1. Between residues in the range B:253-269 that are away from chain A (no Cβ under 11 Å) and residues that are acidic (Asp, Glu), which pairs lie under 8 Å by C-beta distance while being six or more apart or on different chains?
2. With (1) within 22 Å of A:Asn146 (Cα to Cα); (2) surrounded by 18 or more Cβ atoms within 10 Å (Cβ to Cβ); (3) in contact with a strand residue (DSSP E or B) (Cβ under 8 Å, 6 or more places away or on another chain) as the list, and A:Ala322 as the residue in question, which single condition is left unmet?
3. Let me confirm something: among A:Leu349, A:Leu273, which residue is more than 20 Å from A:Glu47 (Cβ to Cβ), in contact (Cβ under 8 Å) with a residue 60 or more places away in the chain, not assigned by TED's automatic domain parsing to the domain that holds A:Phe96 and not hydroxyl-bearing (Ser, Thr, Tyr)?
4. Do we have any residue at all in the range A:399-407 that's among the hydroxyl-bearing types (Ser, Thr, Tyr), surrounded by 17 or more Cβ atoms within 10 Å (Cβ to Cβ), in contact (Cβ under 8 Å) with a residue 40 or more places away in the chain and within 10 Å of chain B (Cβ to nearest Cβ)?
5. For the subset of the range A:66-93 comprising residues that are surrounded by fewer than 15 Cβ atoms within 10 Å (Cβ to Cβ) and in a loop (DSSP other than H, G, I, E, B), which member is farthest from the other protein chains (Cβ to nearest Cβ)?
6. Inspect all residues belonging to the range B:179-194 and state whether any of them is surrounded by fewer than 17 Cβ atoms within 10 Å (Cβ to Cβ), of a type in the set (A, V, I, L, M, F, W, C), in contact (Cβ under 8 Å) with a residue 40 or more places away in the chain and over 16 Å from B:Glu109 (Cα atoms).
7. For the condition within 24 Å of A:Tyr404 (Cβ to Cβ), of a type in the set (Lys, Arg) and either buried (at least 21 other Cβ atoms within 10 Å of the Cβ) or at pLDDT below 95 (or both), what is the one hit in A:Lys216, A:Lys310?
8. Applying the selection to the range B:255-272, what residues are in a helix (DSSP H, G or I) and touching a helix residue (DSSP H, G or I) at 6+ places or on another chain (Cβ under 6 Å)?
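The values are calculated or read from the model by the stated rules, or taken from the named source; none is laboratory data. Keep in mind it's a predicted model, so treat the numbers as computed, not measured. For neighbour counting, all protein chains shown are included, and Cβ atoms are generated from backbone atoms with ideal geometry for every residue, glycine included.
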Amino acid sequence: MRNGKRWAAAASLLVTLAATGCSSAGGDGKVTLSYATWSDDQKPAMEAIAKAFEDKHPNIDVQVQVLPWPEYWSTLQVGAAGRTAPDAFWMLADQFPAYATGNQLLNITDAVKAAGVDLAAYPKAVLDLYDVDGKLFGLPKDFDTNGIWFNKALFDKAGVAYPNDSWTWDDARAAARKLTNPAAGVWGIAAPIDRQGGYYNSIYQAGGTVIGADGKAAVDSPEAISGLQFWTQMHADGLSPTLKQLSDTEAVQMFMDQKVAMYFSGSFWAQRLYGDQTLRPNVGVAPLPKAKQRATMISGILNAGYAGTKHPKELAEFLIFASGKDAAVIQAKSGAVLPAYQGAQQGWLDAMPEFNLKVFVDAVDYSVPLPIAGDAAKWTGLETQYLAPAWEGKRTAADAARAYNTAINEVLAQ
Amino acid sequence: MTTNIPNPPLRQRKRRRGGLLPSPGWGYLMIAPALIGLVALYVWPFLTTFGKSFMDVPAFGPGTFTGVDNYTELLGDGRFWQALRNSALYTAILLLGLPVAIVLAALIEQVGRGRAFYRILFFLPVVTLPVAISMVWRFIYNGDFGLLNYVLSMVGVPGQYWVADATFTIYAVGAVGIWMNLGINLIILGAGLQSIPQDLYEASSLDGAGRVRQFFRITLPLLSPSVFLVTVLTVISALQMFDLIFVMLRSVNNTALADSKTIVYLFYEKAFVEFDQGYGAAIAIVLLMVIMAATLVQFRLQRRWVFYD
């Protein structure tokens, strides 16, 4: 018995040593906040923002962590479930509902009010994406809209007039046809299965919706089907690299290799396209073509905080700062992204004067929030499986749309 | 060997009984680091996974008990069966690589001085990051600019979209898998080859046996324990394959991915992308049972073909 006590005491000593070993750091009153992101491109800007915040709050140390995109969400989810998530992190609209309803996000409504932040400074469509009964779980960091990225050199070579804001779908199709030159290995357009930059936009341009007013999928409406056909027809006419080619080489890479003349996508490519010296003089930007109406998806990153943080007060201060005016100016200057804070956007336009980036800012006026409903990660994950046959011409767009619509509704009903 | 160790002197044995050494508790304390690691990293996760497989677990917060719902849903899910078929096909492809490894190992043993060089050459993929390997192979397999299609075009074979066309993906990934596993297999088989007594070869050549005959009559039977070990390890690791699919196929718009998922990829997707942890846990448990069954069958079958001297 006596021996038993002795080893128990030794064991408890061991545990105590281990425990104190872990928590000895951070005893000098300094608060450390971690800030997780997924973009290497934006790392310098994020570090500059952290630095600017630290200058104002000498007792707070902000550490920017860049997690690789393929692991970002699993790392965050496991971290949140295991109480080890970063304090601040970037959040996307399709992931947001799970975190908000799971009580994983820090409610900063009161802190925002106390700091006197004017919410009118942010695009309403982006705020709406992250709205839960009027509560604020973060503030918008940036936003993105879509336009036509086009290659002026390829347009000149084919003798086609550049896209402009009067363009309709027919103009886009006619131009793609003239620009396609199989002998030179050039296609008029890249037509991947792309929600945000591609077919969601055309569905709304045709007057359809992805999720109807009743909360159910509406991809099978005649308008939505015509929105899908805009893309499937490009493939049927051979005006785009095939899906297989676009699987091997991403659409943006095809555009950068000057193999496709038009790429409908987001403002977030600006920095990368601008960074390519040989490509830069050839790049042009125009608004997306219209059909029944003009439309573009709008989305944006939210600076959000972890509910389980050790320093909720300091974290709220940081989140407000990171989405505030000073931070927006830093972001805009770096050219990385279009800051959400109104008025700071001129800096972004000035950072890349050769590109007509105003198109993306103007697009806010006719923008539609990215459709989110239910378990969005789950049903968007089924997209390729149901839509690829239509893109590859093995099935009509209408059939594929109806099958996908049923699949979405099954997920939504769960 | 053990018989040669003399019995400990009597006095020493007496002292051990004399109680100068402490209670068994000390023994447990000594093995505690290993035991805690084992429990914390293997036993506990296994038990929680097993428990979760009977629950509906949301992304965050506690789950609710749903009985065998996850399992019945799993068995009725076409995507699960497809993933299982893909994993089985991948495993079969990797097993086809074993004869290659055996012949190569035998050839390397024949090499005199440069043996180490060849071993290193084949072992390099083993110590290289799978992600880096996958990136390189993605380039090799690229349908438009890939090295493979370029080489094929020189001999007049039409190129394919190896990792973008579901007809080829598992085979393409399987070829990479064989190449990645070759190094470790060669080490195990090489060690097995070196334990074969040389005099057997000398005796048989005196009896007029040629190289090929020696290989089938001496090398192969005496190597069979190593071959068995390599087979078991290959099946287990092949059934767990995830990283190659993850990196080689998970590009933005890879339309072949939907039809090329392996069982562990499906697990990842369910548990970490769709946040359906209960369903993911059920997949993990089924995978465990599949691996256990496959291993048991192999141990049963080994009596027929593995030769222990």
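1. As it stands, the answer is none, since no pair meets every condition given.
2. (1)
3. A:Leu273
4. From the range A:399-407, those among the hydroxyl-bearing types (Ser, Thr, Tyr) are A:404, A:406; that's our starting set.
Applying the additional criterion that residues be surrounded by 17 or more Cβ atoms within 10 Å (Cβ to Cβ) yields A:404.
Subsequent filtering for residues that are in contact (Cβ under 8 Å) with a residue 40 or more places away in the chain retains A:404.
From what is left, the residues that are within 10 Å of chain B (Cβ to nearest Cβ) are none.
For the range A:399-407, residues among the hydroxyl-bearing types (Ser, Thr, Tyr), surrounded by 17 or more Cβ atoms within 10 Å (Cβ to Cβ), in contact (Cβ under 8 Å) with a residue 40 or more places away in the chain and within 10 Å of chain B (Cβ to nearest Cβ): absent.
5. Keep residues of the range A:66-93 that are surrounded by fewer than 15 Cβ atoms within 10 Å (Cβ to Cβ), which gives A:68-71, A:78, A:82-84.
Keeping just the survivors that are in a loop (DSSP other than H, G, I, E, B) gives A:68, A:82-84.
Values: A:Pro68: 9, A:Gly82: 11, A:Arg83: 11, A:Thr84: 13 Å.
Among those that are surrounded by fewer than 15 Cβ atoms within 10 Å (Cβ to Cβ) and in a loop (DSSP other than H, G, I, E, B), it is A:Thr84.
6. Yes, there is a match, as at least one residue in the range B:179-194 is surrounded by fewer than 17 Cβ atoms within 10 Å (Cβ to Cβ), of a type in the set (A, V, I, L, M, F, W, C), in contact (Cβ under 8 Å) with a residue 40 or more places away in the chain and over 16 Å from B:Glu109 (Cα atoms).
7. Numbers: A:Lys310 fails: within 24 Å of A:Tyr404 (Cβ to Cβ).
After ruling out the rest, the residue left standing is A:Lys216.
8. First, the residues of the range B:255-272 that are in a helix (DSSP H, G or I): B:257-260, B:263-272.
Selection gives B:Leu257, B:Ala258, B:Ser260, B:Ile263, B:Tyr265, B:Leu266, B:Phe267, B:Lys270, B:Ala271, B:Phe272.
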